[in-house]
Amino acid sequence: MEQKITTLFLDIGGVILTSGWDRHSRHRAVTRFNLDQEEMEDRHHLVSGLFDAGMLSMDEYLNRVIFHQKRNFSKEDFKVFMFEQSVPIEGSIEFFKSLKGEHSLKVIAVNNEARELNDYRIHKYNLDLLFDAFVSSCYVHRSKPDLEMWRMACGIAQASPPQILYFDDRLMFVEVARSLGITSYHFQRLDDAKLFVKAINFSTISV
């Protein structure tokens, strides 16, 4: 049986933009604001699941992780720093927009991100011009690698797994999506992803 690829599932952090608030960003925050890294990481990991799932606001997250004690910088200064960590991966938005147009694909974001960061990234970089829907952890109150994230995205896209091509920079998430029958690619470099796409037959795929 063969089915046409109709849909792209894309992670955002690590595929379209840099990661919003990963360990590298937090390490830069430690240096910039002279924080205790071990304490910050411990407190972050205690609440990060709630933050990503949209169950803690950014203010609540910062109160628990950073501003549980008096600081010599403001919460607004720290928020600005957090938002500044989001920059485009060169050429990625343009490539996936072109792919969408060339093959008339639906494009769905399947990503883990806190609400304020996700909203900022969407509006700052006009991601609504690329994506048709956002299955983001902060909106659906689930996070990858929960299988329900991909199942929900399939329902929203009205696409079955063989009709989907998925890109993610986290190997575990790629493996989980493959277990559902989704053709999945471990994104590391845009040039390599372009070579992978060239080998894909968008007209039909054997299942």
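Restricting SER98, SER74, SER86 to those that are touching a helix residue (DSSP H, G or I) at 6+ places or on another chain (Cβ under 6 Å), at pLDDT 95 or above and on the phi < 0 side of the Ramachandran plot reduces the list to SER86. Scanning the stretch 93-115 turns up no residue that is more than 23 Å from MET58 (Cα to Cα), surrounded by 14 or more Cβ atoms within 10 Å (Cβ to Cβ), more than 17 Å from the chain's Cα centre (by Cα) and β-branched (Val, Ile, Thr).
When LEU180, LEU117 are screened for being in contact with a Pro (Cβ under 7 Å, 6 or more places away or on another chain) and either farther than 21 Å from ILE5 by Cβ or of a type outside the set (Gly, Ala, Ser) (or both), only LEU180 passes. Could you check, for the stretch 147-157, whether at least one of its residues is surrounded by fewer than 20 Cβ atoms within 10 Å (Cβ to Cβ) and closer than 25 Å to HIS44 by Cβ? Scanning the stretch 147-157 turns up at least one residue that is surrounded by fewer than 20 Cβ atoms within 10 Å (Cβ to Cβ) and closer than 25 Å to HIS44 by Cβ. ARG71 meets the conditions (1) of a type in the set (D, E, K, R); (2) surrounded by 13 or more Cβ atoms within 10 Å (Cβ to Cβ); (3) part of a helix (DSSP H, G or I) in every case but one. The failed one is (3).
Of all residues in the stretch 158-198 being assigned to a helix (DSSP H, G or I) and of a type in the set (Lys, Arg), which is surrounded by the most Cβ atoms within 10 Å (Cβ to Cβ)?
Keep residues of the stretch 158-198 that are assigned to a helix (DSSP H, G or I), which gives 161-163, 171-179, 190-198.
Now restrict to residues that are of a type in the set (Lys, Arg): 178, 194, 198.
On the way: ARG178: 15, LYS194: 12, LYS198: 7.
Top of the filtered list is ARG178.
Would you mind finding the one in ASN126, ASN112, ASN118 that is within 20 Å of VAL87 (Cβ to Cβ) and without any contact (Cβ under 8 Å) to a residue 12 or more places away in the chain?
Values: ASN112 fails: without any contact (Cβ under 8 Å) to a residue 12 or more places away in the chain; ASN118 fails: without any contact (Cβ under 8 Å) to a residue 12 or more places away in the chain.
Answer to the selection: ASN126.
When the stretch 16-56 is filtered for residues that are over 30 Å from PHE167 (Cβ atoms), among the charged types (D, E, K, R) and not in a helix (DSSP H, G or I), only ASP36 remains. Within the stretch 32-63, the set of residues being over 28 Å from LEU190 (Cβ atoms), surrounded by 16 or more Cβ atoms within 10 Å (Cβ to Cβ) and of a type in the set (D, E, K, R) comprises GLU41, ARG43.
The values are calculated or read from the model by the stated rules, or taken from the named source; none is laboratory data. As the structure is a prediction and not an experimental result, all values here were calculated from the model. Ideal geometry is used to build each Cβ from the backbone, glycine not excepted, and the neighbour counts take in all protein chains shown.
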